[in-house]
Amino acid sequence: MFFSMFELSKSRRLASLPPYLFEEMDRRKEEARRAGRDIIDLGVGDPIEGPLPEIVEALARASSRPDVHGYSTAGTRELREAIAAWFERRFGVRLDPWEEVVPLIGSKEGLAHLPLALADPGDRVLVPDPGYPVYRSATSFAGAEPVRWPLDPGAGFLPDLDAGEKARAKLAFLNYPNNPTSATAGADFYAKAVTFARRTGTLLVNDAAYSEVTFDGYRAPSLLATDGAREVAVEIHSLSKTFHMTGWRVGFAAGARRAIAALREFKANVDSGIFKPIQFAAAEALSLHYERAATAVRGYYLLRRDRAVEGLRRAGCPIEPPKATFFLWAPVPAGTGSLAFAGRLLDEEGVVVAPGVGFGPGGEGYVRLSMTNSVEAIEEAVARIARMAPWK
Ligand SMILES: Cc1ncc(COP(=O)(O)O)c(C=O)c1O
């Protein structure tokens, strides 16, 4: 008989991550689905429409070539040049396609690897709270210390730059337009952030995954367009949201040469690049289809945002229409926790939303509703929420 003493434990770094608070909601959602309940999911932010057909055709065309199936560690020249050209057209910033750009296997990959490429145990990393959970987990994986950087609703969900400066951090994550709060940052905020980064030697990392999902004539600025930013900042972009290509896994990091070089070196050790046909199609998307794709995407979410905000306001929820992202950050009724409120919406009305506390303790008091569902589903979900009249 074979007797094994083999016992496998998680690494200390993996075990050190805070509990995944969406797990409870995921479990309850699955249970409700299995029980045959009619569930409307506004919890996850994954677009339901695919990319423009021209982009899919570019992928099909490229993948039928025999010479595109090898490794592509450094990224193709076509994609790097298309990224630099798009960045210059969009933000007026001219980047060196080799020294100031690195293609990513989705922006999440770059966000996860930057702390590993740049931070050591003992280094501090400023992590917005609430925030996209990857900033914190990546910092922990690097053995560095995540420092909570609260986003204050009273300050437009911008972090306190004086507190940031005092932290003497190696890296500081920013994320505008913001998930989960939908807040935006102006050029004045970026200018102050760059001043603090230059004074303290902190690298600013702005996650701009939602830079193109904007409404009412608002266009998000690039941090890299700020005077002096290019030595002290990196901006992370994604094709996922702009082009509805979430599953394709393509994005890029741009900015400070030393940071880009370190990330490129790190990545050479852990991945071997993006499938070349995806790179060709992504280059074509940026060069030829950006305006049309972005217009279509903005149109989808504008209509849904307006319908949802209208319905929520009628239900008594004090919410303003956001200028960017496909999320609504709705305050929960007084005296309710975000997890309890999300649980109640699911149990009583079959509507799934993300509890704010899942994005960090600073998200308590809010739930996030994603507009990546059909307008009919969103209207039905909002009508169900209104039926509960939780804010009245
Ligand atoms: C703020 C933020 N950054 C990055 C990402 C990751 O996007 P990608 O598909 O480019 O990895 C997401 C995805 O939800 C996000 O919300």
As a quick test, which of the pairs Lys108/Lys267; Lys108/Lys192; Lys108/Lys170; Lys29/Lys323 have an alpha carbon distance above 18 angstrom in this structure? Lys108/Lys192; Lys108/Lys170; Lys29/Lys323
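Could you work out the relative contact order of the range 53-288? I mean the mean sequence separation of Cα pairs under 8 Å and 6+ apart, divided by the number of residues, in percent. Show your work: numbers first, answer last.
Details: 470 pairs, mean separation 71.3, N = 236.
Normalised by residue count, the contact order of the range 53-288 is 30 percent.
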Which of Ala191, Ala117, Ala15 moves most in a GNM of the chain, Cα contacts under 10 Å? Ala15
Could you tell me how far the Cα centroid of the range 158-229 sits from the Cα centroid of the range 3-75, in Å? 28 Å
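Could you please report the charge total around Gly156, scoring K, R as +1 and D, E as -1 over all other residues with beta-carbon less than 13 angstrom from its beta-carbon? Walk me through the numbers before you get to the answer.
Details: positive: Lys323; negative: Asp152, Asp160, Asp188, Glu320.
Once all neighbours under 13 Å are counted, the net charge is -3.
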Anyone know which of Gly122, Gly363, Gly110 comes out most mobile in the 10 Å Cα GNM of the chain? Gly122
Protection proxy ranking of 75-82, 348-355 - average other beta-carbon atoms within 10 Å, highest first: 348-355, 75-82
Excluding Phe341 itself, what net charge comes from residues whose Cβ is under 12 Å from its Cβ, given Lys and Arg +1 and Asp and Glu -1? -2
Principal-axis tilt of helix 338-349 within the chain, Cα atoms, nearest 10 degrees: 60 degrees
Over the range 231-270: Kirkwood hydrodynamic radius from C-alpha pairwise inverse distances, Å: 11.2 Å
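Coordinate-derived values only; no laboratory data. Model, not experiment: these values are computed from the prediction. Here Cβ is always computed from backbone atoms with ideal geometry, including for glycine, and neighbour counts include all displayed protein chains.
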